[in-house]
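Notes for the one structure printed next.
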């Protein structure tokens with residue numbers, strides 16, 4: 001199922017205006033079907049700048065966007081290749097959701113109390129979190145210092 005081309009473009013323009021108001025660190029990359037932006041880390045990710053890419057399939061809003069972390073993040077729900085595994089991008093997706101909802105869901109990733117080590121994409125992060133929260137926090141902070149810098153964000157296209 002998909003919207004006709006005119007309705008699809010109208011939806012994307014609506015999304016553009018909404019994101020500009022509510023999530024201004026995200027911008028379209030080449031056209032309105034690919035976005036890049038950053039989120040400032042919190043908790044064990046404090047001080048990090050985390051870059052994400054959002055690709056909007058032609059079947060949007062009936063299927064969720066594809067979300068990828070371009071900055072390596074030590075997290076049970078983010079694979080080492082950057083694939084993000086959140087229920088909202090899978091089973092709990094609703095056609096009424098918007099890109100702002102997607103970005104707000106990404107912000108919640110940094111709350112490790114909400115991390116789901118039982119539905120993991122990163123086995124090492126999931127087992128570390130289950131075994132020792134302190135060890136998990138230590139590794140997450142190390143990765144943040146190593147990978148989530150402004151310099152690296154600029155290399156990924158953040159201005």
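Every number here is computed from the coordinates shown, using simple stated rules; none is lab data. As the structure is a computational prediction, the values presented were derived from the model and not from experiment. Ideal geometry is used to build each Cβ from the backbone, glycine not excepted, and the neighbour counts take in all protein chains shown.
Just to be sure, is residue 73 buried (at least 17 other Cβ atoms within 10 Å of the Cβ), touching a strand residue (DSSP E or B) at 6+ places or on another chain (Cβ under 9 Å) and part of a loop (DSSP other than H, G, I, E, B)?
yes
Have a look at 140, 153 and point out the one that is touching a residue at least 60 places away in the same chain (Cβ under 8 Å), in a helix (DSSP H, G or I), crowded, with 18+ Cβ neighbours inside 10 Å and in contact with a strand residue (DSSP E or B) (Cβ under 7 Å, 6 or more places away or on another chain).
Just one listed residue meets the conditions, 153.
Quick one: which residue in 82, 47 is on the phi > 0 side of the Ramachandran plot and touching a helix residue (DSSP H, G or I) at 6+ places or on another chain (Cβ under 7 Å)?
The match here is 47.
From the list 98, 105, which one is closer than 23 Å to residue 22 by Cα, in contact with a helix residue (DSSP H, G or I) (Cβ under 8 Å, 6 or more places away or on another chain) and free of Cβ contacts under 8 Å to residues at least 24 places away in the same chain?
The unique qualifying residue is 105.
Here are the criteria: (1) assigned to a helix (DSSP H, G or I); (2) surrounded by fewer than 16 Cβ atoms within 10 Å (Cβ to Cβ). Tell me which single one residue 15 does not satisfy.
Among (1) assigned to a helix (DSSP H, G or I); (2) surrounded by fewer than 16 Cβ atoms within 10 Å (Cβ to Cβ), residue 15 violates only (2).
Go over the candidates 27, 11 one by one and state the one that is at negative phi, out of contact with any helix residue (DSSP H, G or I) (no Cβ under 7 Å at 6 or more places or on another chain) and without any contact (Cβ under 8 Å) to a residue 12 or more places away in the chain.
The conditions single out 27.
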